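The structure appears below as structure tokens.
The values are calculated or read from the model by the stated rules, or taken from the named source; none is laboratory data. In this text, all values refer to a predicted model and were calculated from it rather than measured experimentally. A quick note on method: Cβ atoms are made from the backbone with ideal geometry, for glycine too, and the neighbour counts reach across all protein chains shown.
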Amino acid sequence: MVVSRCPCWEALDVLEAAPDAPVAFGADLRPAGLLAAYRAGVYPFPASDDYARAINEVVFADQVQEGRIRLVGEESADPYAVSWWSPDPRPVLPVSAPHLSRSFARRLRNRLSWSTSLDRRFEAVVRECRAGRVPLWLTDELIASLVRLHELGHAHSVEVWEDGEDGDLIGGVFGIQVGSVFSMDSMFFHRPGASKVAVADLAARFAQAGGELLDAQRDNPHIRGLGCVLIPREQYVRHLRRTPHDTLPIPTATLPARRLAQPTGSR
């Protein structure tokens with residue numbers, strides 16, 4: 001048996017992992033371990049139930065036994081409860097690059113009741129992102145750790161409102177900040193285009209704070225439509241290693257969403 005175990009994320013070389021499989025298994029979703037994973041360029045995908053956990057074991061046990069997928073954390077932990085991913089290539093969005101189509105920008109300029117905020121309703125955004133999703137990777141344990149990281153200043157949300165903060169929460173995005181990189185975990189919308197507004201707003205605020213890059217984690221047509229590009233995992237991880245892990249102060253003011261439809265220099 002060649003099973004290879006790392007005591008912590010700092011001991012794992014993500015760049016040696018396969019590009020399209022979990023880079024590791026491990027059950028530690030505690031806040032400190034979760035933050036360390038993001039700093040290493042890795043994000044979690046918890047098994048939603050015993051069946052999903054069993055599928056992890058059936059599909060990947062041979063690679064774990066051969067040492068091609070590492071185990072991270074304490075030996076007593078159930079290794080197949082959480083898979084950890086770092087795809088290659090990685091979809092990223094430079095903060096200067098969010099794209100809103102001309103037709104949507106025109107509609108947004110007329111939506112005078114829409115506004116955006118930062119960190120007003122973090123847990124509400126996370127739970128909206130979980131609602132109705134299959135598989136249910138946003139488990140109660142993961143949400144608890146995310147909320148704690150939010151309290152510590154590492155996790156943030158953007159909210160999109162209709163009729164102000166006393167009105168309806170119609171869209172949002174949340175994720176974890178690592179220096180000049182913001183890794184977006186999930187987004188939601190209750191009005192067409194509201195998740196696009198949330199990402200564009202996050203990019204504008206993060207750029208103002210000195211941030212450089214939004215990480216979309218998983219490639220899909222929606223984030224491609226916002227302007228995401230694919231870069232080699234090595235480039236993404238090396239960027240993470242270079243950036244100081246200091247928390248950048250992202251502006252929190254409630255702002256009109258229509259400003260995002262204006263040319264960059266006039267926002």
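The criterion of at least 3 residues that are more than 26 Å from residue 224 (Cα to Cα) and not aliphatic (A, V, I, L, M) is met by the following helices (runs of 4 or more DSSP H) wholly inside the range 101-166: 140-151. Checked across the range 251-265, the condition of being on the phi > 0 side of the Ramachandran plot and either at pLDDT 95 or above or assigned by TED's automatic domain parsing to the domain that holds residue 144 (or both) holds for no residue. Restricting the range 60-78 to residues that are assigned to a helix (DSSP H, G or I) and among the hydrophobic types (A, V, I, L, M, F, W, C), which is nearest to residue 4 (Cα to Cα)? Per the stated criteria, the residue is 64.
Of all residues in the range 1-59, those satisfying the criterion of being within 17 Å of residue 136 (Cβ to Cβ) and in a strand (DSSP E or B) are 43, 44, 45, 46.
Do we find that residue 142 is buried (at least 23 other Cβ atoms within 10 Å of the Cβ), of a type in the set (A, V, I, L, M) and within 14 Å of the chain's Cα centre (by Cα) in this structure? Against the criterion (buried (at least 23 other Cβ atoms within 10 Å of the Cβ), of a type in the set (A, V, I, L, M) and within 14 Å of the chain's Cα centre (by Cα)), residue 142 does not qualify. Elements of the type strands (runs of 3 or more DSSP E) sitting completely within the range 177-244 and holding at least 1 residues that are touching a Phe, Trp or Tyr at 6+ places or on another chain (Cβ under 8 Å) and either closer than 23 Å to residue 37 by Cβ or of a type in the set (Ser, Thr, Tyr) (or both): these cover 181-189, 213-215. For first residues located in the range 49-66 and farther than 19 Å from residue 134 by Cβ, partners that are β-branched (Val, Ile, Thr) and surrounded by 12 or more Cβ atoms within 10 Å (Cβ to Cβ) and lie 6+ apart or on another chain with Cβ distances below 8 Å form the pairs 60/69; 63/69; 64/3; 65/3.
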